[in-house]
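The values are calculated or read from the model by the stated rules, or taken from the named source; none is laboratory data. As the structure is a computational prediction, the values presented were derived from the model and not from experiment. Cβ placement follows ideal geometry from the backbone for every residue including glycine, while neighbour counts extend to all protein chains displayed. Just the protein is used for accessible areas: all its heavy atoms, side chains included, with ligands, DNA and RNA removed. Shrake-Rupley method; radii C 1.70, N 1.55, O 1.52, S 1.80 Å.
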Amino acid sequence: MIKKCLFPAAGYGTRFLPATKSMPKEMMPIVNKPLIEYGVEEALEAGMSDICIVTGRGKRALEDHFDANYELEHQISGSSKEELLTGIRKIINECTFSYTRQREMKGLGHAILTGQTLVGDQPFGVVLADDLCINSDGSGVLSQMAQLYRQFRCSIVAVMEVPEDEVHKYGVIAGQAISDDLIRVENMVEKPRKEDAPSNLAIIGRYILTPDIFDLISDTQPGKGGEIQITDALMAQAERGCVLAYKFKGERFDCGSIEGFIEATNYCYDAFRK
Ligand code: UTP
């Protein structure tokens, strides 16, 4: 059973400036809940109650969100507003939280390596909270992946088909189909030009990683954009052993972009009103 889930949340969120100048991107609300809370709910549903967050400067609000606020709670105690805290109270009661800081933003691979002190030597989930995933017909994306992990015991990345003029925004995979929704990864390229993309299957912000990934990241040189890319370390892992790509069930919204954020807000507001 995978217990730990890592949230790399140190990025600057420059696409959302000026909103993210002093507020973490992960605290931006979709309707009335911050993005990171949706991610932690998804992790908890998958049985991952040890939440490890990689933060950076200006991200204190994340720690405060997952802590008690006695003054506020006392103020609304006994009023109808109290029920608005039911979800976050459940999370605080059922999860443990640990934090570490990434001092320099050297990329997602580097952020994951920074989390090694929190994760230790065990398989773990990774959630990029700005990718909001919702599966209203069944279990969440991380839970679907945890189930696959129990069967295959290797790293798994969540993928979706994207239009070919969008492949340059993602890590893109190709490989051998194991079933309709599962591929054994044989090739993986970070942010390819559409002419160079091995397919249109893009990696989104959900991973299950086995702990040997940490040594592989340590050996990874800066790649695209001068950043240490998790895609490069995963390619090394795929060459030595096995990495699977899973076409998940559900909706995914890129809430790191304005368009995705608005789409997610509209989608969740419809559910909220029902
Ligand atoms: P993004 O590529 O969305 O970068 O990172 P960003 O800095 O957050 O946003 P923009 O592009 O400037 O608008 C994907 C995820 O990886 C984390 C981010 O916090 C986000 O969850 N990340 C990225 C880190 O934690 N550290 C890094 O050095 C880079």
TODO: May I ask you to list the residues in region 184-199 that are outside any strand (DSSP E or B) and open to solvent by 30 Å² or more (accessible area, probe 1.4 Å)?
DONE: Lys191, Arg193, Lys194, Glu195, Asp196, Pro198, Ser199
- [ ] Output the number of residues of region 71-116 satisfying the condition of being open to solvent by 90 Å² or more (accessible area, probe 1.4 Å) and closer than 21 Å to Gln229 by Cβ.
- [x] 3
Task: Among the candidates Phe214, Phe248, Phe253, residue that is open to solvent by 10 Å² or more (accessible area, probe 1.4 Å), within 16 Å of the ligand (Cβ to nearest atom) and touching a residue at least 40 places away in the same chain (Cβ under 8 Å) - done: Phe253
- [ ] Go through region 200-237 and give me each residue that's part of a helix (DSSP H, G or I) and of a type in the set (D, E, K, R).
- [x] Asp215, Lys224, Asp232
Open item on the list: Quick check on region 60-81. Is at least one of its residues within 24 Å of Cys255 (Cα to Cα) and without any contact (Cβ under 8 Å) to a residue 24 or more places away in the chain?
Closed with: yes
- [ ] Take region 41-52 and flag every residue that is without any contact (Cβ under 8 Å) to a residue 60 or more places away in the chain and within 15 Å of the ligand (Cβ to nearest atom).
- [x] Ile51
TODO: Would you be able to tell me the number of residues in region 5-29 that are more than 9 Å from the ligand (Cβ to nearest atom) and buried (at least 22 other Cβ atoms within 10 Å of the Cβ)?
DONE: 2
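Here's the yes/no breakdown for (1) buried (at least 22 other Cβ atoms within 10 Å of the Cβ); (2) closer than 24 Å to Leu113 by Cβ:
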position	(1), (2)
Gln221	no, yes
Ala233	yes, yes
Gly241	no, yes
Thr265	no, no
Task: Test: residue in region 57-79 that is closer than 30 Å to Gly138 by Cβ and within 13 Å of the ligand (Cβ to nearest atom) - done: yes
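Does at least one position in region 175-183 carry a residue that is under 29 Å from Met105 (Cβ atoms) and either under 21 Å from the mean Cα position of the chain (by Cα) or open to solvent by less than 40 Å² (accessible area, probe 1.4 Å) (or both)?
No, the conditions are met nowhere in region 175-183.
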